[in-house]
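Bear in mind that the values in this text are calculations on the coordinates, not laboratory data. Note that this is a predicted model, so its numbers are computed, not measured. Here the Cβ positions follow ideal geometry from the backbone for every residue, glycine too, while neighbour counts run over all protein chains shown.
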Amino acid sequence: MTTWRASRYGKTTIAAAVFVVMMALASCSPGTDASGSATATPTAASPTPVAVETPEPAETESPQSATDGFREWLEASRLPDVDTACARLTPELVTRMIAELEANGVTGIDSCEQMITTTAELYRSLDQSTDVDIAVQHETDTDATLFVTYLGSGDCGTVVMTRPATEWIITDQSTECAG
C-alpha cells in the first residue's frame with residue numbers, strides 16, 4: 001500500500017488537483033465541452049416584456065348619507081340589534097326617549113338596550129312597517145336634519161343627526177304629527 005507523503009508528492013498532487021478543477025470548470029462553462037473543444041453557445045432568449053401592473057387608485061367609499069344612516073338605525077332598532085341601535089343615539093336622546101315611554105305608560109325601562117328591545121317588540125306586535133319617507137332638510141358632511149314620515153302609522157317628525165366620525169348619530173327627534 002502506498003502512503004501519500006506531502007513532502008514527496010505535494011507539488012505534483014497540487015498541480016494535478018488544480019488541473020482537474022480547471023478541466024471541470026471548463027466543461028461547465030458555455031462554449032466548450034468536456035474535452036475542451038468549442039461548442040455552440042446557446043443564444044440567450046430575448047427577455048419577454050413583463051407587464052407592470054399599475055395599482056388602481058384606492059376606491060374611497062363615499063360617506064354614508066344621513067338618509068342611509070337613519071334607515072340603518074331604524075332597521076337595527078326594529079330587529080332589534082341593540083348594539084347598533086344604541087350606538088346611533090346620544091345618551092341625552094336615550095334619556096329623553098325613556099322618559100317619553102314612561103309618560104305614555106311604559107315603565108321599568110332603565111337602559112337603551114331595554115328601550116330598543118321593548119319598542120321592537122311593540123312595533124312587531126302591532127305589525128308596524130319600517131317603511132318611511134325621508135325628506136332631507138339640511139345635510140353637510142357632519143350634520144343633517146331630516147323630516148321623516150312613518151308610512152305605516154302616519155307619524156312624522158324631525159330627526160337631527162351628527163357624524164363625528166364615520167357613522168351618523170341621532171341627536172334629536174321630534175313628533176310633529178301623529179297618525
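Counting pairwise Cα distances across the stretch 94-179, what percent come out greater than 17 angstrom? So the pairs more than 17 Å apart make up 58 percent of the total in the stretch 94-179.
Ordering 101-108, 142-149, 169-176, 126-133 by mean Cβ neighbour count within 10 Å, with the highest value first, yields 142-149, 169-176, 126-133, 101-108. Residues whose amide H falls under 5 Å from that of W168, counting only those 5 or more places apart or on a different chain, are absent, with hydrogens built in the peptide plane.
A simple count of charges around E113, restricted to other residues whose Cβ falls under 11 Å of its Cβ and scoring Lys, Arg +1 and Asp, Glu -1, yields -3. Divide the volume of the convex hull around the Cα atoms of the stretch 108-152 by the residue count and you get 104 Å³ per residue. Look at the dipole of the stretch 51-169 built from charges on Cβ: of A66, G152, V132, the Cα furthest out on the positive end belongs to G152.
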